[in-house]
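Participant: Submitted below is the structure of interest, expressed as structure tokens.
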Amino acid sequence: YYSQIKRNCYLPAETIDGYQMQVLANIELFEEVTSVIDNGGEGIGLYRTEYSFLNRNSWPSEEELYEEYRDMASIVYPQKVVFRTLDLGADKISPHFGPLEEVNPALGLRAIRFCQQNLGLFKAQLRAILRASTLGNVAVMFPMISGLQELREVKEIYFDVREEMRRQGQPFNEEVPFGIMIELPSAVFIADVLAREVDFFSIGTNDLIQYSLGIDRTNRYVSYLYQPLHPAILRSIKYVVDAGHEAGIEVNVCGEVAADPYCIPILMGMQLDSISLNPQAIPGIKRIIRQTTMDECKDLLKQVLSCSQVQQSNRLVREKIFTRF
Ligand code: PEP
Ligand code: MG
């Protein structure tokens with residue numbers, strides 16, 4: 001049974017009524033690129049670049065990063081790779097670089113904040129990504145953006161790096177798409193403002209759930225409260241997708257909900273442009289998409305959006321999956 005699902009993993013994720021969704025992969029390590037190809041991933045929607053910074057004794061050099069990124073881009077070509085800039089901190093720390101003395105690391109110096117305070121490292125990574133972009137299949141994405149001022153500061157750094165590379169005659173693709181992760185409630189509510197400044201959004205539901213519901217994603221004592229179908233989460237995702245589309249940019253979801261069979265029909269109903277998930281889950285998710293219609297996904301979405309409690313939405317989607325698949 002599983003081998004049959006696996007055999008079909010190269011078919012497009014197209015609903016019975018012809019709506020197609022791009023299915024990309026999330027990876028953490030270079031070696032995982034083979035599992036993307038093996039499982040029918042249509043590119044890499046999230047490369048968590050921080051993992052190659054962990055478990056080592058010194059920062060990698062620009063040259064090392066460039067070689068890694070260039071190889072990655074050429075292996076998946078003509079499909080794309082979205083390089084997320086360093087998301088170090090909180091649950092992604094290296095004993096060598098930390099631990100920082102923070103009472104609340106998840107609310108502390110992580111991701112883009114860490115990069116803004118470690119400019120040399122950040123710029124080296126941006127240069128490496130840009131140098132690896134010459135084939136034309138590379139995008140760059142910034143994690144944990146919380147507001148407009150911060151986004152503009154990051155853009156300025158990015159544009160400075162590009163300007164410097166031009167001056168040095170260092171080739172790169174001028175059209176590299178520039179996106180941000182929407183994973184903080186503050187970013188959700190100003191998604192309409194942020195959308196005017198970027199080429200795409202990727203909704204990081206792992207952190208969005210953590211920060212919206214106030215639940216540490218690594219804390220098992222409260223994991224029962226970690227609910228993707230909570231009305232606040234569904235409304236947030238919907239709001240971001242609509243704000244993005246209103247501004248004419250693409251919207252992706254790259255959190256674990258994209259690998260959740262119960263959530264996928266709802267995400268479909270929101271008409272996302274793409275989803276990005278762990279490679280092993282791709283064949284099963286593609287299969288569900290191929291067995292459904294956009295009409296029924298929209299219908300289910302409408303029903304869950306009218307739920308005021310997560311228990312109701314959980315029940316609805318479970319009924320749906322059991323009767324349909
Ligand atoms: C997320 O927060 O949903 C996400 C995809 O990023 P990460 O899990 O790496 O924080
Ligand atoms: Mg995140």
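Read the figures in this text as sums done on the coordinates, not as results from a lab. Since the structure is predicted, the reported quantities are computational estimates derived from the model, not experimental observations. No Cβ is skipped: glycine too gets one built from the backbone with ideal geometry, and neighbour counts run over all protein chains shown.
Participant: Against the longest principal axis of the chain, how steep is helix 148-167, in degrees 0 to 90 to the nearest 10, with axes from Cα atoms?
Facilitator: 50
Participant: If each of Thr134 and Glu63 carries a label point 7 Å out from its Cα toward its Cβ, how far apart are those two points in nm?
Facilitator: Roughly 1.7 nm, to one decimal.
Participant: If the reach is capped at under 14 angstrom between alpha carbons, list the aspartates and glutamates near Lys80, excluding any in the same chain fewer than eight residues apart.
Facilitator: Glu42, Asp71, Glu175
Participant: Based on the alpha-carbon set only, what is the convex hull volume of the chain divided per residue, in Å³?
Facilitator: 137
Participant: Need the full-extension length gain, Gln311 to Leu119, defined as separation in residues times 0.36 nm minus the C-alpha distance. One decimal, nm.
Facilitator: 64.6 nm
Participant: Quick check: from the Cα gyration tensor, does region 192-325 come out rounded (a/c under 1.5), prolate or oblate?
Facilitator: rounded
Participant: Using the beta-carbon distance between Phe30 and Thr293 and R0 = 51 Å, what value does 1/(1 + (r/R0)^6) give for FRET efficiency, to the nearest 0.05?
Facilitator: Step by step, r from the Cβ atoms, then E = 0.85.
Participant: How large is the Rg to Rh ratio of region 64-163 when both quantities use alpha carbon positions and Rh follows Kirkwood?
Facilitator: Value, to two decimals: 1.00.
Participant: Rounded to the nearest 0.05, what FRET efficiency is calculated for Glu174 and Tyr10 with R0 set to 30 Å and r the Cβ-Cβ distance?
Facilitator: The pair Glu174/Tyr10 has a calculated efficiency of 0.40.
Participant: Quickly estimate the mean residue ellipticity at 222 nm for the chain, helices only: each DSSP H run with n ≥ 4 gives -39500 (n - 2.57), and the total goes over all residues, rounded to 500.
Facilitator: After summing the helix terms and dividing by the residues of the chain, the value is -13000 deg cm²/dmol.
Participant: For region 254-296, what does the alpha-carbon gyration tensor say about shape, rounded, prolate or oblate, given a ≥ b ≥ c as the root eigenvalues, a/c under 1.5 as rounded, and a/b over b/c as prolate?
Facilitator: The shape class here is oblate.
Participant: Right, another one. Does region 3-46 come out rounded, prolate or oblate by the C-alpha gyration tensor, with a ≥ b ≥ c the root eigenvalues, rounded set by a/c under 1.5 and, if not, prolate when a/b is larger than b/c and oblate if not?
Facilitator: Since a/c reaches 1.5 but b/c is at least a/b, the shape of region 3-46 is classed as oblate.
Participant: Using a 7 Å offset from the Cα along the Cα-to-Cβ direction at both Tyr77 and Arg152, what is the distance between the two label points in nm, to one decimal?
Facilitator: Each label point lies 7 Å from its Cα, and together they span 3.8 nm.
Participant: What value does region 209-282 have for Rg/Rh, both radii from Cα atoms and Rh as Kirkwood defines it?
Facilitator: Radius of gyration relative to Kirkwood radius: 0.98.
Participant: In addition: Can you give me the angle between helix 62-76 and the longest principal axis of the chain, using Cα atoms only, in degrees from 0 to 90, rounded to the nearest 10?
Facilitator: It works out to around 40 degrees.
Participant: For the chain, find the longest principal axis of its Cα atoms and tell me its angle to the long axis of helix 231-246, 0 to 90°, nearest 10.
Facilitator: Value to nearest ten degrees: 60.
Participant: Suppose the chain between Tyr239 and Asp38 were pulled fully straight at 0.36 nm per residue; how much longer would it get relative to their current alpha carbon spacing?
Facilitator: Additional length available on full extension: 69.0 nm.
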